[in-house]
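A quick write-up on the structure given underneath.
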Amino acid sequence: MRKGKRFFATVLAAVMTVSLVACGDKPESNTPTGTTTSAVENTTSQPQESDGGASVEKNLDPVTVMATAQENVKEINSLEAKMVMEMDMTVSAQGQEQAIQSLTTMDMVCFNDPMKIKMDMTMDMGELGSVDQSIYGEITEDGNCTMYLFDGTSWQTQTVSMGDMEQYNAQDSILDVIKVDASYQEEGKEEVDGAAALKYSHVMTGDEMKETLLSSGALDSVTSLGIDPSQMESMLDGLGEMTEYIWIDEATMYPVKYEVDMTEIMDKLMVNMISAMGEQAQGMSINIPKMKMTMTCMNYNTAEDFEIPEEAKAN
């Protein structure tokens, strides 16, 4: 996967996974590839005040705040994050309808130098059951990037590229959503887990969304549905705008919360995808009446350390 834009790539991967379940296919869990997402609201933990992040005492304009937050995140050696996605989906085909309410939660721990990651993911789909995975990644002594996936039954090990492992790096996910050159609007201050945070909003245009999804590689998997590159581009036309919200801790200048409602964007994308599939999707529809994501970040430079399970390495 291309560096950058991983956040939206993992989101779309989760949507596709739920879509497959709704259509009667069992989601595969044999390789550590994008599954994902976003955090329970108002559960952010305040970064430690001794973390060393640069603060902005007088100049709190959005450009300075975002630039400072970005530089702070680039310099961290560890952090913890949680992503949660709430999604309702309705699939209709051959006169039958399947409604799904899903909640996907991922708890992440990230260390740098050397890089190692840990993620525990649960995708709860109500009556359709749930998918649980644990994913670990490390750079081994021979210099390879190795990932270990536990699907609830057994461990699988895979040597991957640095780019593939980085898509699970919480630090990179945070950097993906901080846009220094974007036009942010100040939304005032709010308390996030008892600490004062500066809230900002940014409106992503339809063209920006299209460029982001195309450059991320998030739609690569839809080629298996018989959709060619030109159709893929047309799928992304007319998606409309989307407002993102980000909270920056006022004392430490670390980002502590990110939130976005993608309902209209993803509902339109599913409609466009069914249209692009042509005759093979005749009589089928997929609608998304709700899709909301939150990411919370905590314990910058004080994340709880972990070891790769011995049973994972023994596989």
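The values are calculated or read from the model by the stated rules, or taken from the named source; none is laboratory data. Since the model is a prediction, treat every value here as computed from it, not as a measurement. Ideal geometry is used to build each Cβ from the backbone, glycine not excepted, and the neighbour counts take in all protein chains shown. Heavy atoms of the whole protein, side chains included, go into the accessibility calculation; ligands, DNA and RNA do not. Shrake-Rupley method; radii C 1.70, N 1.55, O 1.52, S 1.80 Å.
Looking at the structure I just gave you, is Gln156 at pLDDT 85 or above, outside any loop (DSSP other than H, G, I, E, B), of a type in the set (S, T, N, Q) and open to solvent by less than 40 Å² (accessible area, probe 1.4 Å)? Answer is no for this residue. Scanning segment 231-265 for residues that are touching a residue at least 40 places away in the same chain (Cβ under 8 Å), hydrophobic (A, V, I, L, M, F, W, C) and closer than 23 Å to Gln171 by Cα returns Ile246, Trp247, Ile248, Ala251, Met253, Val256, Met262. Among the residues of segment 121-145, those identified as out of contact with any helix residue (DSSP H, G or I) (no Cβ under 8 Å at 6 or more places or on another chain) and either of a type in the set (Phe, Trp, Tyr) or open to solvent by less than 10 Å² (accessible area, probe 1.4 Å) (or both) are Met121, Ile135.
When Glu233, Glu244 are checked against the criterion of being charged (D, E, K, R) and at pLDDT 90 or above, Glu244 stands alone in meeting it. Of everything in segment 279-302 that is in contact with a helix residue (DSSP H, G or I) (Cβ under 9 Å, 6 or more places away or on another chain) and small (Gly, Ala, Ser), the residue that is farthest from Thr105 (Cα to Cα) is Ala281. Can you find a residue that is on the phi > 0 side of the Ramachandran plot and of a type in the set (D, E, K, R) anywhere in segment 109-122? Looking through segment 109-122, at least one residue is on the phi > 0 side of the Ramachandran plot and of a type in the set (D, E, K, R). Looking at this structure, is Ser201 of a type in the set (Gly, Ala, Ser), open to solvent by less than 50 Å² (accessible area, probe 1.4 Å) and in a helix (DSSP H, G or I)? Against the criterion (of a type in the set (Gly, Ala, Ser), open to solvent by less than 50 Å² (accessible area, probe 1.4 Å) and in a helix (DSSP H, G or I)), Ser201 does not qualify.
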